[in-house]
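Bear in mind these aren't lab numbers, they're just calculated from the coordinates by the rules spelled out. Since the structure is predicted, the reported quantities are computational estimates derived from the model, not experimental observations. A quick note on method: Cβ atoms are made from the backbone with ideal geometry, for glycine too, and the neighbour counts reach across all protein chains shown.
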Amino acid sequence: MVAFMDEEALAKTRETGLAHFHSRSRGRLWLKGETSGHFLRIEEIRVDCDQDALVMLVRPEGPACHTGARSCFYRKLEGDVLTRLED
């Protein structure tokens, strides 16, 4: 998945070991899984060369995507058609 983290979200993620994000639609800190129970347990946080992007290696507790898919990237674009990938 792709999500926005601010300083508060990163601090809470590091403190708890669970992925937190800043939800722009909610206008607040958001713990991934707080309603679904599908938490993302952090195994490693990697930082890019400009220090403005993170990749988190996680152990998901259930589907990562709100659609129920294992990943938010469950489709590929082939020409003008989206094709669902197998899990």
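Could you work out the longest stretch of the chain that avoids the chymotrypsin sites (Phe, Trp or Tyr not before Pro) located in DSSP loops with at most 12 other Cβ atoms within 10 Å?
The longest such stretch corresponds to 5-72.
With θ set to phi - 60°, apply the Karplus curve 6.51 cos²θ - 1.76 cosθ + 1.60 along segment 25-33 and write out the HN-Hα couplings as whole Hz, x wherever there is a Gly or Pro.
For segment 25-33, the Karplus curve yields 6, 8, x, 7, 5, 9, 8, 4, x Hz.
From Cα coordinates alone, what are the radius of gyration and Dmax values for the chain in angstrom?
Expressed in Å, the Cα Rg and Dmax of the chain come to 14.2, 44.
Would you kindly enumerate the cysteines in the chain that have no other Cys beta-carbon under 4.7 Å from their beta-carbon?
Among the cysteines of the chain, those whose Cβ sits 4.7 Å or more from every other are 49.
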